[in-house]
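Below is one structure, written out as C-alpha cells; the observations come after it.
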Amino acid sequence: MNQPTLQSRVRQYLRERRRLGFQLRSMGGALRSFARHVDKLENPGPLTVELMAEWARRDRAHSDDPRTWARRLKILRPFTRWLQQFEPRTEVPDDAIFGRIGGRLTPHIYSEQEIVDLLAAARHLRPDLRGATYEALFGLLAATGLRVSEAVRLRTSDVDLKTGMLTVQRTKFAKSRQVPLHPSVVEALRRYRRLRDPLIELTEETPFFVGARGRRRGQMLTTRQVDRVFADLRTRLAWPNRGAHSTPRVHDMRHNSGTRIIPSAASVVFNTWCRCLTCASSGA
C-alpha cells in the first residue's frame, strides 16, 4: 500500500482545520508550497528541521532576512505537530534555527503625496477599465483600511452607494461587518461603476472590482494580481522605504487608517481622485 504523499496530508490537515472554522488562506498556500518541495525530493525520509529550514530560505522574494525565514518556519509548527500522529519521527521547528521573530515589523506609512501619486499611476494602466479598476481599488484601500483580500471579494451588491456603506462578508474570524464611506469615496466609486457597468455582464454576484483583459474580463481579481500590479507601480514611483519590510507593501496602506495621515488624507486623496476623473471624462 502506497504511503500518502505530504501533499495529501496537507489537504487532510486543511480540511480538518477549516471544518473547525479556520480559513487558513496564507497558511494553506505555504503548506502546499512546502509539500510540493518535499514531494519532489527522492526518498526524503522523516521531516527534519534541516529540510524545513531549506524550504524556508526559498521564499518567492528571495529574501536574505532570517526573520522572513523564521516566519515561514513558524507556519509549519502546528502542521508538524498534527503530522506526528501519523509520522512520529516528524520534527517540530522552534526558534533555535533562525532566532525569534519578535514583534510585528514596522509598516511603511504612506504620505498623502505617495497615495495621490499611486492613484495617478494606476489611472494610466491600459486598457482604460484596468486603470480605473486599480485606481478605485487602491483608493478604497487607502481610505478604509480594508485588507486586499476583503476588497477583491466585494460583490456589486456589497457596495451600497446610496447609503455610502460597504458590507464586508465573512472576514477574519468568519465575521461580517459594515464599513461607512466618506462622501468623496462614494462619488469616486460611483464614477468607477459608470465606466465599468457598460463593459461587463452584471448580476448580483458580479465582483465590484473586475479584471479587464482576456478571460479575466469581468472576473474577480486575485490578491496575487493586485500584488503584481502594485509592485510594478511601486518600482516606477521609486518610493523611499520607511518600513522594516524589504519594500513598501500594498498591505501597509491598512496602517494609514490608524495614523494621523489618513483622517486628513482621505479627503485630499479622494477629492483629487474625483477631480482627475472629471478631467479624464471631459477629455481635458
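The values are calculated or read from the model by the stated rules, or taken from the named source; none is laboratory data. In this text the structure is predicted, and so the values were computed from the model without any measurement. Glycine gets a Cβ as well: all are built from the backbone with ideal geometry, and neighbour counts include every protein chain shown. Protein only, heavy atoms only, side chains kept; ligands, DNA and RNA dropped before computing areas. Shrake-Rupley method; radii C 1.70, N 1.55, O 1.52, S 1.80 Å.
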Practice task
Whole Å is fine, so just give me how far the alpha carbon centre of region 107-147 lies from that of region 9-75.
Solution key: 32 Å
Completion exercise
Ranking Glu16, Glu205 from most to least accessible area with a 1.4 Å probe gives Glu205, Glu16
Completion exercise
Projected area averaged over all directions for the convex hull of the alpha carbon atoms of region 59-161, nm², comes out at 11.1 nm²
Fill in the blank from the handout: In Å², rounded to a whole number, the accessible area per residue of the chain with probe 1.4 Å is 55 Å²
Exercise for the section: Heavy atoms only, probe 1.4 angstrom, no DNA, RNA or ligands counted: give me Met52, Met220 ranked by accessible area, highest first. Expected result: Met220, Met52
Practice task
Determine which residues of region 34-68 fall in the zone a paramagnetic label at Glu16 would reach in this model, i.e. backbone nitrogen under 18 Å from the point 7 Å along Cα→Cβ.
Solution key: 35, 47
Completion exercise
Of the accessible area of the chain, computed with a 1.4 Å probe and all protein chains kept, carbon and sulfur make up a percent value of 50 percent
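Dividing the Cα radius of gyration by the Kirkwood radius, what Rg/Rh value follows for the chain?
On the way: Rg = 21.6 Å, Rh = 21.1 Å.
Reported Rg/Rh, Kirkwood definition of Rh: 1.02.
In debye, nearest 20, what is the charge dipole magnitude of the chain about its Cα centre with +1 on Lys and Arg Cβ and -1 on Asp and Glu Cβ, if you could check?
Numbers: 51 positive and 28 negative charges, 102 e Å.
It works out to roughly 500 debye.
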Practice task
Measure nothing fancy, just the Cα-based angle from helix 261-282's long axis to the longest principal axis of the chain, in degrees from 0 to 90, nearest 10.
Solution key: 60 degrees
Practice task
Could you run the Karplus curve 6.51 cos²θ - 1.76 cosθ + 1.60 with θ = phi - 60° over region 40-53 and give me ³J(HN,Hα) per residue in whole Hz, x for Gly and Pro?
Solution key: 6, 7, 8, 6, x, x, x, 6, 10, 4, 4, 5, 5, 5
Handout entry: Order by protection proxy (mean Cβ within 10 Å, highest first), peptides 142-149, 20-27, 55-62
Key = 142-149, 55-62, 20-27
Handout entry: region 15-70: C-alpha gyration tensor shape, a/c 1.5 cut-off, then a/b vs b/c
Key = oblate
Practice task
Starting with the highest mean, order 245-254, 37-46 by the number of other Cβ atoms within 10 Å, averaged over the residues of each peptide.
Solution key: 245-254, 37-46
Problem - Solvent accessible area, Å² - Val92, 1.4 Å probe, full protein context - result: 50 Å²
Fill in the blank from the handout: Once normalised by the length of the chain, the mean sequence separation of its alpha carbon contacts under 8 Å that are 6 or more apart gives a contact order in percent of 19 percent
Exercise for the section: Work through the residues other than Ser157 whose Cβ is under 13 Å from its Cβ and net out their charges, Lys, Arg +1 and Asp, Glu -1. Expected result: 0
Problem - Chain lengthening between Glu204 and Lys40 when straightened (0.36 nm per residue, less Cα-Cα) - result: 54.7 nm
Completion exercise
Note: Gln178 to Leu161 extended length (0.36 nm per residue) minus current alpha-carbon separation gives 4.8 nm
Completion exercise
Using alpha carbon positions and the Kirkwood radius, the Rg to Rh ratio of region 122-202 is 0.96
